[in-house]
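Q: Let me give you the structure first, and then I'll get to my questions.
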Amino acid sequence: MAQPLMPHATASWLVDNTALSFEQIADFCGLHILEVQAIADDTASTKLTGRDPVRAHELTLEEIEKGQNDPDYRLKMSKGPEQVRRTKGPRYTPVSKRQDKPDGIAWIIRNHPEISDGAIGKLIGTTRTTIAAIRDRSHWNIANIVPKDPVTLGLTSQRELDAAVAKAAKAAGIEAPVDTRLEGDREALLEQLRAEREAASRDTTPGVEYDRDTLFKS
């Protein structure tokens, strides 16, 4: 499914400028609903500058209105300008996060040994040599490597990790593990969001319509 060029920045803009639900925003941007919650609560690791998907031709005002009128509606991406994608070489990782790569690699090796070195390299943006050194504990800094979830470290997305796990499990002929760690939090959050939306709908003054012009105020 097509996603915005800058999903987190787009999610931040949609949170601030529309009445779409967190579920709709998460689905459109390819994020976990808890990531959208963090953006809305300003608890994300970095303060994001919103990116207007309407001006970027990735979303239309009509789609936003449909979503606001129907919480179950899933937004459809507009055909925007062709995006430039890397087709060769490792994934680019910001300099500030490169020191976290060994920790992320160690976590995958420990928790998902079925994932191949090639798949790990694509997820984390590293080389087979580095992965092999961590596997056999010959890495120069092995004493200081602590396995940490690469999603939490910001090295990959939960969706990409889940896809890699499922693909590796299928190739190995085993059942893909189901991550239930956030189930309780997710259900509690969804229930809270429903209650807030119902309260907001009761407090909304009848006759007030969505003002398109406010979307483009600086």
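The values are calculated or read from the model by the stated rules, or taken from the named source; none is laboratory data. Owing to the predicted nature of the structure, the values given are computational and were not obtained by experimental measurement. Backbone-built Cβ (ideal geometry, glycine too); neighbour counts: all protein chains shown. Surface areas here come from the heavy atoms of the whole protein model, side chains and all, with no ligands, DNA or RNA. Shrake-Rupley method; radii C 1.70, N 1.55, O 1.52, S 1.80 Å.
Q: For an R0 of 30 angstrom, estimate the FRET efficiency from the Cβ-Cβ distance between D42 and K122 and round to the nearest 0.05.
A: Result of the calculation: an efficiency of 0.40.
Q: Given H placed on each backbone N at 1.01 Å, which residues far from T126 in sequence or on other chains put an amide H within less than 5 Å of it?
A: Under 5 Å from the amide H of T126 lie the amide H atoms of R91, each far enough along the sequence or on another chain.
Q: Beyond 25 Å between alpha-carbons counts as too far, so tell me which of K101/K167; K76/K122; K122/K167; K122/K148 fall in that bin.
A: With Cα atoms farther than 25 Å apart: K76/K122.
Q: Could you do me a favour and compute the accessible area per residue for segment 1-41, 1.4 Å probe, result in Å²? Can you show the working numbers first?
A: Numbers: 1530 Å² over 41 residues.
I get 37 Å² per residue for this part.
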